[in-house]
Amino acid sequence: MALPTIITTVPTSVPVGDIEVNPITNRVYFVNPNTTAGTVGVLSTLTNRIIATIQVGRFPLKLAINPRTNRVYVTNFRDGTVSVISGRTNRVIKTLQVGRNPDSVNVNIRTNLIYVSSASGIVTVIDGRSNCIRTTIQIGGRPSAIVINKRTNRIYVTNTINNSVSVINGSTQTVIATIKVGNNPVITPALNPITNRIYVANNLSRFLSVINGRTNKLLKNVQLGRLQSEVILNPLTNRVYVSSAQQVKQGKLFVLNGNTNKVIATRVLSSSSSTFINPITNHLFVSNFNKNRMSVYNASTFKKIAVFPSVTGVNIALNPLTNRLYVANDNSITVIQDGPRLTHHYK
């Protein structure tokens, strides 16, 4: 398999926060998290040029895209709103009030419903067809990260005050289970749709919580290091990677076998690191902010296969149709070709 290669670096002139890609339209969207006048930039992946800058609300945090409808959803943390953007016109077509300090947003592309968490203790459900609020779901505490199993139509919402995960039935929009996990599950969980397992990193506990998506019960707590910072997985190899990188000293990267939920390997991870895995190539990307570089590993053997200087992105978006990665840096986006272009259809 071909090694990952940098295609180009696109200057943005503004800091780049969250970044997502619409594989159907070949557009990349990224937020500039300005606290007074936030924007969303649009990058054409055909020309690798920024083709639009869209004004949204104050302090935009997260993006979600429905590639089927070509709609982009942006949470504006300071304004308590979600901006709905038309990917065809690159204009805001609706602004919706969704509660105080919204952060996480996710889309179920099969039902065309959008879920937004907020500090008001609610999850707001937006109808993607009408661009109106369908309902609000009372969660309590502080709903935070949202992941969706599109196969089962279940929505999982972490709660950083109640230290729990709420399970929402996407057909009835009701909470059908509340699962106790560890302290401060602020990190976006990893969901394996093949095994129907949800992995919840507990930032202030020494264990990772594994949830059985079929029974909606806690399956196991896996003992790990303190200050877990990320959890990612490759559903094709059924390996789970949990980092506990510290800000001032080295951390660890724990590798779990998803079949047994046991730690099968541990690697040293530099301080201030961020991880991403491409399930298509099984390449593990580790960005190091202090050393101002990104290293790429074979995720099975941990053999280092590439090093990219001056690439320090926390956020990475993958286009599964072209096998290209878009890495958000401070004032640029690095485009990486990670193996051959693919020809399968988006699902």
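The values are calculated or read from the model by the stated rules, or taken from the named source; none is laboratory data. Since this is a predicted model, take the numbers as computed values, not measurements. All Cβ positions, even for glycine, are placed from backbone atoms using ideal geometry, and neighbour counts span all protein chains on display.
Every residue, every condition in (1) modelled with pLDDT of 95 or more; (2) surrounded by fewer than 19 Cβ atoms within 10 Å (Cβ to Cβ); (3) touching a Lys or Arg at 6+ places or on another chain (Cβ under 6 Å), yes or no:
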residue: Pro185; (1), (2), (3): yes, no, no
residue: Ile194; (1), (2), (3): yes, yes, no
residue: Val200; (1), (2), (3): yes, no, no
residue: Asn203; (1), (2), (3): no, yes, no
residue: Leu208; (1), (2), (3): yes, no, no
residue: Ile211; (1), (2), (3): yes, no, no
residue: Lys217; (1), (2), (3): yes, yes, no
residue: Gln228; (1), (2), (3): no, no, no
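Could you check the stretch 294-304 and list, in sequence order, the residues that are surrounded by fewer than 16 Cβ atoms within 10 Å (Cβ to Cβ) and under 27 Å from Asn331 (Cα atoms)? The answer is Lys304, and nothing else. Test Val165 against the criterion of being part of a strand (DSSP E or B), out of contact with any Phe, Trp or Tyr (no Cβ under 6 Å at 6 or more places or on another chain) and in contact (Cβ under 8 Å) with a residue 24 or more places away in the chain, and give yes or no. Taking the combined requirement at face value, the residue does not satisfy it. Counting only residues that are farther than 18 Å from Ile194 by Cβ and part of a strand (DSSP E or B), how many does the stretch 221-254 have? The qualifying residues number 10.
A count restricted to the stretch 274-292 and to residues that are in contact (Cβ under 8 Å) with a residue 40 or more places away in the chain and not in a strand (DSSP E or B) stands at 4. Residues of the stretch 1-60 that are among the hydroxyl-bearing types (Ser, Thr, Tyr), within 21 Å of Thr81 (Cα to Cα), part of a strand (DSSP E or B) and free of Cβ contacts under 8 Å to residues at least 40 places away in the same chain: Thr39, Thr53. Only one entry in Ile264, Ile280 is among the aliphatic types (A, V, I, L, M), over 21 Å from Gln228 (Cα atoms) and modelled with pLDDT of 90 or more, namely Ile280.
Condition check: under 24 Å from Arg197 (Cα atoms) and not in a strand (DSSP E or B). Does Arg151 satisfy that? It is true that Arg151 is under 24 Å from Arg197 (Cα atoms) and not in a strand (DSSP E or B).
Is it true that some residue in the stretch 50-63 is within 17 Å of Leu318 (Cα to Cα) and either in contact with a Leu (Cβ under 9 Å, 6 or more places away or on another chain) or surrounded by fewer than 16 Cβ atoms within 10 Å (Cβ to Cβ) (or both)? No, the stretch 50-63 contains no residue that is within 17 Å of Leu318 (Cα to Cα) and either in contact with a Leu (Cβ under 9 Å, 6 or more places away or on another chain) or surrounded by fewer than 16 Cβ atoms within 10 Å (Cβ to Cβ) (or both).
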